[in-house]
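No value in this document is a laboratory result; all are computed from the given coordinates. Just so it is clear, the model here is predicted, and its values are computed rather than measured. Cβ placement follows ideal geometry from the backbone for every residue including glycine, while neighbour counts extend to all protein chains displayed.
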Amino acid sequence: MDVVTSATVQATVEKLLASATSELSLLWSFKKDLRKLGRSLKMMDLFLQDAEKREVTDDAVKLWLKNLRDVTYDADHVLDEINYENMRHIVEIQRQNKMRECLNVFSFTPPLAFRWRMARRIKDINVDLKMIADEANTYGFQKVENYALTVPRVRETDSITVDSNIVGRQDDEAEILKLIINTDDLVISVLPIVGMGGLGKTTLARSVFNHQHTESHFAIRIWVCVSENFDVMTLFKRILESLGGNFQGANRQVIVDKLREKLKDKRYLLILDDLWNENREAWEDFKNTMAGVNTNRGNVIMVTTREKRVASIVNAYRDPYDLKLLKDDECWSIIKVRTFQDEVPEQFEKVGKKIACKCGGLPLAANMVGGSLQGSGVDDWVSVLEIGLSNLDANENYAMQVLKVSFDRLSSPLLKKCFAYCSMFVKDSLIWREDLIQLWMAEGFLPDNRENNMETIGNTCFNILLQNSFFQEAVKDEYGNIKYCKMHDLVQDLACSVSNSESFNAVEHSANDIPKVRYLAMEMHEKERQMFTKEKASYLRTLFSVSTSPDKILPWFKHLHVLKLLKRCIGQFAS
């Protein structure tokens, strides 16, 4: 089902409740209609709790969810306009009454035209919600009482610092170290590590990259994530950037000369993570240039890739290193690390070993399933085995199905909403903790109450997603606070999957048309701007714009909460 609808409705209910208890003068003009709107949304929220438990495949039910989500956003827009008008009024009064000691802002009556327009919109929304409620009864949804927007709690564990994926890879690590160190016969030796997504290729490469033998053997170590866009010039620039160089200007000769200066007479290890390139000419162009930059023997390029064809194109000096699936007992070892610090009780071990068999030998799957089981009772373990993992299909989407189980087990719609929003980031980008929390706040995802402010709740959500391995590779500052993290490619795909009705990332996925979504990341070139209509622009709440400012069409974005102008890469938040 549409997992983000529930959190959207609940967030708007919270905003209505906060508005109803405030003393903002403007709200009294709509007191009766807003109370009715609040009751209607609460009723929809009660229906949603039942709808969330069902496997929705009926197109009519999907349409019901879409209509509910759209009406909820309409209600949120109305509240924003009312609150904005009230703030505008207060600022205007303050300007006119600077010399007065007491300011009576509660005597304000909004303009008649504004009151009429807002009242009409609220009434229309209430009519739409009445129709949606009638349809809910038609589909047999039951009201689930006593439900509120809950703030999830962080479990008492230290799993953040555990990189369980390395379990079962000690022999692989030793073999790869032997291969890359004994390479003095060639200027550049290329070693591809090949395996399906979630198998731990990047984790293994990182372990080799940071190994003490690697540090002592190679004078320079370089790590570059390539992903799906293989561009030789961009690759040269990223290598130079990782070496602390700069590349003002776009002249290839200048960049290559700077690379030669940085790498001259130094043996290097270059890891190209997540390579997808199948263009042999582009690869030869890159490799031959690197061979000319440093002509000493013993340099190594290590490539991680899912595709055997890619491995054949990079012209390995030996056969590609095929990474194998983990054994079931190794998957069980990962789950144990994630769930128990001490000895595992017998009743958990019996179920846990069966769960490990369902992980398909994928360390990422075992890591995420284990994370979702932290602090759970044996009944929850049985439920994951008998319900969540019982109907998996043995196909290419097997890993995604297992990860979806961990997503479904997130403890609140709030967490699911916050995770789904991360579909905006491009793969392998740095996700800065404070910036992400501010984005969640700007979108109104995080409730603000007396017990916890929005920043505290945002930190809680971030830490839970990190504990459950939705985020990984966390980097801390000198005080032990997490600065940023990343998302695994498959987890990124999961975020895109669960949010596909609300977000679209045109930076990574080319499109002949811009869909009507709430959250959008795009390059904003002239061709893409021409794809926009005023209706599509009015839907947007978040826009990440790369390269240029959407100044020509910016007035169309009537309900924009977040506008992020980025120089290069979504997720690095370079303003």
Notebook entry, point to check: Could you give me the ³J(HN,Hα) list for region 491-504, computed from phi with Karplus coefficients 6.51, -1.76, 1.60 and θ = phi - 60°, whole Hz, x at Gly and Pro?
Noted result: 5, 4, 4, 5, 4, 5, 5, 7, 10, 5, 7, 10, 9, 8
Check: What relative contact order, as a whole-number percentage, does region 254-408 give when Cα pairs under 8 Å and 6 or more residues apart are counted?
Finding: 19
Notebook entry, point to check: Say each of residue 139 and residue 357 gets a label point 7 Å from the Cα, pointing the same way as Cα to Cβ; how far apart are those two points in nm?
Noted result: 3.7
Check: Between residue 63 and residue 266, 0.36 nm times their residue separation minus their Cα-Cα distance comes to what?
Finding: 67.0 nm
Notebook entry, point to check: Once both labels are modelled 7 Å past Cα along the beta-carbon direction, what's the residue 280-residue 538 spacing in nm?
Noted result: 5.5
Notebook entry, point to check: Assuming R0 = 25 Å, what is the FRET efficiency of residue 553 and residue 87, from their Cβ-Cβ distance, to the nearest 0.05?
Noted result: 0.45
Next item on the list: Note down, for region 239-336, the three equivalent ellipsoid semi-axes (square root of 5 times each alpha carbon gyration tensor eigenvalue), biggest first, whole angstrom.
Entry: 32, 17, 14
Item checked: Partner lysines for residue 416 [C-alpha distance under 16 Å; skip if fewer than 8 residues away on the same chain] -> 53, 404
Margin query: Taking the Cα centre as origin and putting +1 on Lys and Arg beta-carbons and -1 on Asp and Glu beta-carbons, what dipole magnitude results for region 301-442, to the nearest 20 debye?
Written below: 400
Next item on the list: Using the Karplus curve 6.51 cos²θ - 1.76 cosθ + 1.60 with θ = phi - 60°, work out ³J(HN,Hα) for each residue of region 460-474 in order, rounded to whole Hz, and write x for Gly and Pro.
Entry: 4, 4, 4, 5, 5, 4, 5, 4, 8, 6, 5, 10, 8, 6, 5
Margin query: As an exercise, take the mean of 1/r over every pair of distinct alpha carbons in region 169-322, invert it, and state the Kirkwood radius in angstroms.
Written below: 15.6
Next item on the list: Within 10 Å, count the other beta carbons around each residue, average over each peptide in 119-126, 370-377, and list them highest first.
Entry: 370-377, 119-126
Check: Within a Cβ distance under 12 Å of residue 476, other residues only, what is the Lys/Arg minus Asp/Glu net charge?
Finding: -1
Check: What list of ³J(HN,Hα) couplings, whole Hz, do you get for region 351-368 from phi and the Karplus terms 6.51, -1.76, 1.60, once you set θ to phi - 60° and write x for glycine and proline?
Finding: 6, x, 5, 5, 5, 4, 5, 7, 7, x, x, 9, x, 4, 5, 5, 5, 6
Check: Given 0.36 nm per residue, what is the gain on full extension from residue 119 to residue 481 after removing their alpha carbon distance, in nm?
Finding: 125.6 nm
Notebook entry, point to check: What lysines could a cross-link reach from residue 42, if we take a straight Cα to Cα line under 16 Å and drop same-chain neighbours fewer than 8 places away?
Noted result: 15, 32, 130, 143
Check: Given the C-alpha centroids of region 239-303 and region 354-399, what is the distance between them in whole angstrom?
Finding: 41
Note to self: Students often forget the sequence filter, so: which lysines lie under 27 Å Cα-Cα from residue 178 once same-chain residues fewer than 8 apart are removed?
What the structure shows: 201, 262, 264, 266, 287, 308, 324, 327
Note to self: On a full-extension model of 0.36 nm per residue, what is the gain between residue 344 and residue 448, subtracting their alpha-carbon distance, rounded to one decimal in nm?
What the structure shows: 33.5 nm
Note to self: When a/c reaches 1.5 or more, the comparison of a/b and b/c decides; with that in mind, is region 338-398 rounded, prolate or oblate per its Cα gyration tensor?
What the structure shows: prolate
Checklist line | Base-10 log of normalised Debye intensity for region 328-489 (one unit scatterer per alpha-carbon) at q = 0.12, 0.13 Å⁻¹ | finding: -0.57, -0.67
